[in-house]
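Undergrad: For reference, the structure I am asking about is given below.
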Amino acid sequence: MKTITTILLASMATITSAQTKDNGSASEDSLYKSVMLEEVRVSTPAKTKMKGNSMVTRVAGTAVATAGTAEDVLSRIPGMMKMKGELQVIGKGSPTYYINGRKVQDFSELQSLSSHDIKNVEVITNPGAQYDAQTNAVVRINTLKRHGEGFGVAIDLNGDVAPSCGNERSRSTANMNYRHNDTDFFAGFTFDCSHLNRYDTETSQVTYGKNASTFSLDGTTHMSQRFNTIKFNAGMNTILGENHYVGFKIERNDNIKGIIDFNMEEDVTRNNILEDHLISDSHTDADGQDSWLANAYYNGKIGEWGIDWNTDYYHTEQERNARTLERENAGERIVSSHNYEKSHMMATKIVLSHPLSMGSLQVGTEMTFTKRNNIYEISDKAIANDLSDVKENAYSLFAEYSTMIPKAGRLSAGLRYEHIDFSYDNHVNDSESQSRHDDNLFPFLNFATRLGEIDTQLSYSLRARRPNYYLLRSNIEYNNRYTLSTGDPKLENEIRHDISLNSRYKWLGVSVQYMCIKKGIYDWTYPYDDEGRVLIKWVNFSEPIHRLSAFANFAPTIGAWSPNYTIGIQKQWLSFDLTDPREASGMRTVNYNKPLFIINTNNSFHIAGKNGGWQIELNSELLSNGHYGNAELRNWYWNLSCAVQKYFLKAKALSVRLAFDDIFHKAYNNVRLDIGNYILSQTHILGQGRGIYDLQRISLSIRYNLNLTKSKYKGTGAGNDVRERM
């Protein structure tokens, strides 16, 4: 049950983002500085223009610069929007983020970076060949150049509470920086605390079995949890002569407290006759989770060759002990389980660039080597233990060429080759062991032109989504008496053909996207036996998903008012002929074709005053009912929120922000799965997979900066997409 909930939420993301590399000119920096010299009486509209396969929005010196944090800025950037508490790129979904060329590994970085430190934001909706085939979109944040030496510190205090479920979250962050000559030392820590008092959902499961048996489970689930996490980072970078940058960074994450309590109470009926009443109380200790990440890089230029080299090492461990007490009419029993996972990854990536003829050439390679060990032990003798290893070595070569075609536009074309060696060793059941080798080519094509005052991009790409390592397990995990879950080491990669058209005229943008998804990776539910038990399993869809989306974005600036409106529709075509014993033929056609309508309106009002004045916001997110994947969203989702923000002290060193989200408590979805012989309905589904249980929140953020200089760190990381699957 919890697996279904997590996946549904993760798969509802409907919009993503993209990024490019900005080599802003000295004159552009000078313009920003001159605008920023005045005491923050800025009402310049944020200017957005298309550049190659990216959309670049200037932030510095505009009204957007007072938004608060980088997260607040991105929700107001043309081409992006916020939905279900998550930033998305319109039509693409959740993006990969970079700050000054370094990949963002922790989203809290976007919540800590001040908006008035941002120079511009690049949204890349069709990333080139240098990016992993799983990267659907990229957002690159480039900050203003800071001068001076010495010590600086930034302190952030953030807290919010959801009154209806007692979900309290707080985050305390301190970042320190010391700069001398051309060497930069930095360190920081973040302490996160999340407490969930009680989160309730209503659940209904109906299984149509053989011999006209119908099993129904109807009841409620209750969850409470507490997680405390501490994160450290430290590093150094320096300039060795002209155009040579080197450095390293180390990050450590520790889950110092992790407790999950889950209660489920259900009535079990067979053929409309009450057969049992099940109460399940589960307690999970998840303290044993930590990770290390080390990155070293060189970024520079030798002659006309540009060089960008990164190498990474990543290690993570996780241990969970669960104890479930089940009470039913026949009595009670206790089921205990222990799960230990350990993963390692080594990766390196190098990108070489060189001018060629009337354009520029990029070539490079990326290699990643990963290993994952899994131990799963359970006291229920009907379910097998698991002792398995997953190994995956990936080798990639890529090349991309971009050139101007006179009187036509800029053409970019690239090709990425990926070779994957995969092995799965099951030390309990050797018949489950397997190995395979995959070779794939991923082409990329983008054409950008300007027709009068209209900028237009047309692009095509072939991309893949690889199952994460957890989905490749073969052991069966015990959720409760009637629900089991597993993965599948035979899962294949999901393949996506993507054709996109983007146009922009001043403050008006239009985007249209067609996507064909083959071998889609989703969870599916099967009857496990004739006693009402079901098995949730990850599968590749046998039928392709055809998805068409169209969005319009309006982002003008009218005096002190900065609106950012997005209106769109997303329609998919997907149907299956599924087993259903209720039908005379034993089969039934199930369609998942209902479109989704999206209306997102952000309104920001800037009132000039001393030290930056006031900022007032009124925002709304509206999502209709409809289908996404094999899930039906059965109600309209609406999030109306407001915020007020004020800067204090010289140079806006202190900022305070108070926000109230989901004022009318309508930001949730009721979800239904129809899989022929199995139907699941759940209420109040939001974003549990991201630790979000209710969007009706009151939040307070305080940020203080003291002489903080911008880090010169230029590491971009290697093996980033593989690490996210671990």
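The values are calculated or read from the model by the stated rules, or taken from the named source; none is laboratory data. It should be emphasised that the depicted structure is a prediction, and the values quoted were computed from it without experimental measurement. Neighbour counts are summed over all protein chains in view; Cβ atoms, including those assigned to glycine, are modelled from backbone coordinates with ideal geometry. These area figures cover heavy atoms from the full protein model, side chains too; ligands, DNA and RNA do not enter into them. Shrake-Rupley method; radii C 1.70, N 1.55, O 1.52, S 1.80 Å.
Undergrad: What's the number of the condition Leu441 fails, among (1) exposed (fewer than 15 other Cβ atoms within 10 Å of the Cβ); (2) over 19 Å from Gly520 (Cα atoms); (3) not small (Gly, Ala, Ser)?
TA: Every condition holds for Leu441 apart from (2).
Undergrad: Just wondering, is there one or more residues in segment 514-526 that are farther than 30 Å from Ile569 by Cα and in contact (Cβ under 8 Å) with a residue 12 or more places away in the chain? Steps first, answer last, please.
TA: Pass one, segment 514-526, residues farther than 30 Å from Ile569 by Cα: 526.
Applying the additional criterion that residues be in contact (Cβ under 8 Å) with a residue 12 or more places away in the chain yields 526.
The answer is yes, given that some residue of segment 514-526 is farther than 30 Å from Ile569 by Cα and in contact (Cβ under 8 Å) with a residue 12 or more places away in the chain.
Undergrad: Within segment 341-360, how many residues turn out to be assigned to a strand (DSSP E or B) and open to solvent by 50 Å² or more (accessible area, probe 1.4 Å)? Don't jump to the end; show me each part of the working.
TA: Taking segment 341-360 first, the residues assigned to a strand (DSSP E or B) are 341-356, 359-360.
Still in the list and also open to solvent by 50 Å² or more (accessible area, probe 1.4 Å): 342, 344, 346, 350, 352, 355-356, 360.
Number of matching residues: 8.
Undergrad: Return the total of residues in segment 207-222 being under 24 Å from Ile685 (Cα atoms) and either open to solvent by 30 Å² or more (accessible area, probe 1.4 Å) or not aliphatic (A, V, I, L, M) (or both).
TA: Step one: of segment 207-222, the residues under 24 Å from Ile685 (Cα atoms) are 207, 215-222.
Remaining after also requiring either open to solvent by 30 Å² or more (accessible area, probe 1.4 Å) or not aliphatic (A, V, I, L, M) (or both): 207, 215-216, 218-222.
Total meeting the criteria: 8.
Undergrad: Given (1) surrounded by fewer than 16 Cβ atoms within 10 Å (Cβ to Cβ); (2) farther than 30 Å from Ala384 by Cβ, where does Ala550 come up short, assuming only one miss?
TA: Result: Ala550 fails condition (1) only.
Undergrad: If you don't mind, another one. Any idea which of (1) touching a Pro at 6+ places or on another chain (Cβ under 7 Å); (2) over 21 Å from Asp662 (Cβ atoms) is the one Lys646 doesn't satisfy?
TA: (1)
Undergrad: If you take the residues of segment 239-252 that are free of Cβ contacts under 8 Å to residues at least 60 places away in the same chain and open to solvent by less than 60 Å² (accessible area, probe 1.4 Å), which of them is nearest to Thr483 (Cα to Cα)?
TA: Arg252
Undergrad: Test Ser431 against the stated conditions and say whether it is out of contact with any helix residue (DSSP H, G or I) (no Cβ under 7 Å at 6 or more places or on another chain) and modelled with pLDDT of 90 or more. Quick ask: steps written out before the conclusion?
TA: Numbers: out of contact with any helix residue (DSSP H, G or I) (no Cβ under 7 Å at 6 or more places or on another chain): yes; modelled with pLDDT of 90 or more: no.
The answer is no for Ser431.
Undergrad: Quickly run through segment 72-116 and pick out the residues that are surrounded by fewer than 23 Cβ atoms within 10 Å (Cβ to Cβ), under 13 Å from the mean Cα position of the chain (by Cα), of a type outside the set (A, V, I, L, M, F, W, C) and not in a strand (DSSP E or B).
TA: Lys84, Gly85, Ser94, Gln105, Asp106, Ser108
Undergrad: Still on this model: If we keep just the residues of segment 377-411 that are in contact with a Ser or Thr (Cβ under 7 Å, 6 or more places away or on another chain) and open to solvent by 70 Å² or more (accessible area, probe 1.4 Å), which is modelled with the highest pLDDT?
TA: Filtering segment 377-411 for residues that are in contact with a Ser or Thr (Cβ under 7 Å, 6 or more places away or on another chain) and open to solvent by 70 Å² or more (accessible area, probe 1.4 Å), the one modelled with the highest pLDDT comes out as Leu397.
Undergrad: Still on this model: Among the residues of segment 253-271, which ones are of a type in the set (A, V, I, L, M, F, W, C) and touching a residue at least 60 places away in the same chain (Cβ under 8 Å)?
TA: In the first step, residues of segment 253-271 are kept if they are of a type in the set (A, V, I, L, M, F, W, C); the result is 256, 259-260, 262, 264, 268.
Result: Phe262, Met264, Val268.
Undergrad: Among the residues of segment 593-609, is there at least one that is buried (at least 17 other Cβ atoms within 10 Å of the Cβ) and farther than 24 Å from Met81 by Cβ?
TA: Step one: filter segment 593-609 for residues buried (at least 17 other Cβ atoms within 10 Å of the Cβ), giving 596, 598, 600-602, 604, 606.
Then drop every residue that is not farther than 24 Å from Met81 by Cβ, which leaves none.
No, because not a single residue in segment 593-609 is buried (at least 17 other Cβ atoms within 10 Å of the Cβ) and farther than 24 Å from Met81 by Cβ.
Undergrad: Against the definition (farther than 25 Å from Leu508 by Cβ and in contact with a strand residue (DSSP E or B) (Cβ under 6 Å, 6 or more places away or on another chain)), how does Ser423 come out, yes or no?
TA: Details: farther than 25 Å from Leu508 by Cβ: yes; in contact with a strand residue (DSSP E or B) (Cβ under 6 Å, 6 or more places away or on another chain): yes.
Yes; evaluated as a whole, the condition is true for this residue.
Undergrad: Let me ask something additional. Tell me whether segment 274-287 contains one or more residues that are modelled with pLDDT under 90, under 23 Å from the mean Cα position of the chain (by Cα) and surrounded by 14 or more Cβ atoms within 10 Å (Cβ to Cβ).
TA: Among the residues of segment 274-287, at least one is modelled with pLDDT under 90, under 23 Å from the mean Cα position of the chain (by Cα) and surrounded by 14 or more Cβ atoms within 10 Å (Cβ to Cβ), which makes the answer yes.
Undergrad: From Thr183, Thr190, grab the single residue that is among the β-branched types (Val, Ile, Thr) and either open to solvent by 30 Å² or more (accessible area, probe 1.4 Å) or more than 22 Å from the chain's Cα centre (by Cα) (or both). Let's see the steps before the verdict.
TA: Working: Thr190 fails: either open to solvent by 30 Å² or more (accessible area, probe 1.4 Å) or more than 22 Å from the chain's Cα centre (by Cα) (or both).
Testing whether each residue is among the β-branched types (Val, Ile, Thr) and either open to solvent by 30 Å² or more (accessible area, probe 1.4 Å) or more than 22 Å from the chain's Cα centre (by Cα) (or both) leaves just Thr183.
Undergrad: Another question, then. So how many residues does segment 55-82 have that are modelled with pLDDT of 85 or more, hydrophobic (A, V, I, L, M, F, W, C) and more than 11 Å from Asn120 (Cα to Cα)?
TA: 2
Undergrad: Filter segment 670-726 down to residues that are farther than 22 Å from Pro163 by Cα, part of a loop (DSSP other than H, G, I, E, B), open to solvent by less than 20 Å² (accessible area, probe 1.4 Å) and modelled with pLDDT under 75, then give me how many there are.
TA: Looking only at that region, the number is 7.
Undergrad: How about segment 433-460: which of its residues are within 30 Å of Val390 (Cβ to Cβ) and of a type in the set (Phe, Trp, Tyr)? Please lay out each step first, then the result.
TA: Initially, segment 433-460 is screened for residues within 30 Å of Val390 (Cβ to Cβ), giving 433-444.
Selection gives Phe442, Phe444.
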